[in-house]
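Heads up, the thing below is written out as structure tokens.
Computed from the coordinates by the stated procedures, all read-outs in this text should not be read as laboratory data. Fair warning: this is a prediction, and the values are worked out from it, not measured in the lab. With ideal geometry, Cβ positions are generated from the backbone for all residues, glycine too; neighbour counts draw on all protein chains shown.
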Amino acid sequence: MDLGIAGRTAAVAGASSGLGLAAARALAAEGVRLAICGRDRERIVAAAGGIDGAVPLVADVSTTDGATGFVEAAAEALGQVDILVPNAGGPPPGTFATTPLEAYAPALELNLLSTVAMCRAVVPAMCERGWGRVVAITSVSVRQPIGSLILSNTARAGVTGFLKTLALEVAGRGVTVNSVQPGLHLTDRLRKLYGDEQATADAGAGVPAGSLGDPDDFGAVVAFLCSAQARFVVGAALPVDGGTYQGLQ
């Protein structure tokens, strides 16, 4: 299927590896011109080297200044930003009992305010042009909180509320805003989390689909939500988790 976005431009945050990189690759395969960012110059340059024409930018989107700076640099490099994929790593683990109050503000800046900042930097121009796509990468924890991840659960729920509200405000201007909620996907971060291949495989066995997700499949879902055909998908928060979330809504 031709997604109708060849020649469009995209800024993909947190794309030096994992699901951000998979989303960038999927968009590039559809003919989208890309700017991608990461905190480590060597890693983001290496990632861009595997995507024809991708512009590597060094940026730390864990702060609002870094997030704004990334999309502004992307717009300068590409001419404009038609597609925005906000993405960032998660804050440290912890429970209510073990997490100090001062840890919440950095978590909110990382997983909520950075996305707000990126949207503020590019969505008004999308509205003026009458076309735009925002597809944020969040987590299935928004629907089903994950134990010992109270900071991530809290911040990502907040960004989901922001994205839904923004979606309703700009839908009539040709701009769609959605989010994709990953479960367990076979990324380097997951391998490091579980420590060895057997433990990683065991984690996949607990997913109803029977395995860990393929990052490239996840990227394809992101690309579809950026497509011309997805123009009527507004404010969706889509789990891509192999059945991990088992609620009715």
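Quickly run through the range 210-220 and pick out the residues that are within 16 Å of the chain's Cα centre (by Cα) and either farther than 19 Å from ILE137 by Cα or surrounded by fewer than 17 Cβ atoms within 10 Å (Cβ to Cβ) (or both). If the condition is that a residue be within 16 Å of the chain's Cα centre (by Cα) and either farther than 19 Å from ILE137 by Cα or surrounded by fewer than 17 Cβ atoms within 10 Å (Cβ to Cβ) (or both), then ASP214, ASP216, ASP217 are the ones that fit. When the range 47-71 is filtered for residues that are part of a helix (DSSP H, G or I), in contact (Cβ under 8 Å) with a residue 12 or more places away in the chain and either in contact with a helix residue (DSSP H, G or I) (Cβ under 6 Å, 6 or more places away or on another chain) or under 13 Å from ALA24 (Cβ atoms) (or both), the ones remaining, listed by number, are ALA47, ALA48, THR64, ALA67, THR68, VAL71.
Would the range 96-104 turn up any residue that is closer than 14 Å to ARG156 by Cβ and of a type outside the set (D, E, K, R)?
Looking through the range 96-104, at least one residue is closer than 14 Å to ARG156 by Cβ and of a type outside the set (D, E, K, R).
Scanning the range 166-209 for residues that are on the phi > 0 side of the Ramachandran plot and either touching a strand residue (DSSP E or B) at 6+ places or on another chain (Cβ under 8 Å) or buried (at least 18 other Cβ atoms within 10 Å of the Cβ) (or both) returns a single hit, GLY174. Taking the range 139-179 as the range and being under 20 Å from SER227 (Cβ atoms), in contact with a helix residue (DSSP H, G or I) (Cβ under 6 Å, 6 or more places away or on another chain) and not in a helix (DSSP H, G or I) as the test, the residues that pass are VAL175, VAL177, ASN178, SER179. Pairing residues of the range 92-105 that are touching a residue at least 24 places away in the same chain (Cβ under 8 Å) and among the charged types (D, E, K, R) with residues that are assigned to a loop (DSSP other than H, G, I, E, B) and loosely packed, with under 15 Cβ neighbours inside 10 Å, at Cβ distances under 9 Å and at least 6 apart in sequence or on separate chains, gives no pairs at all.
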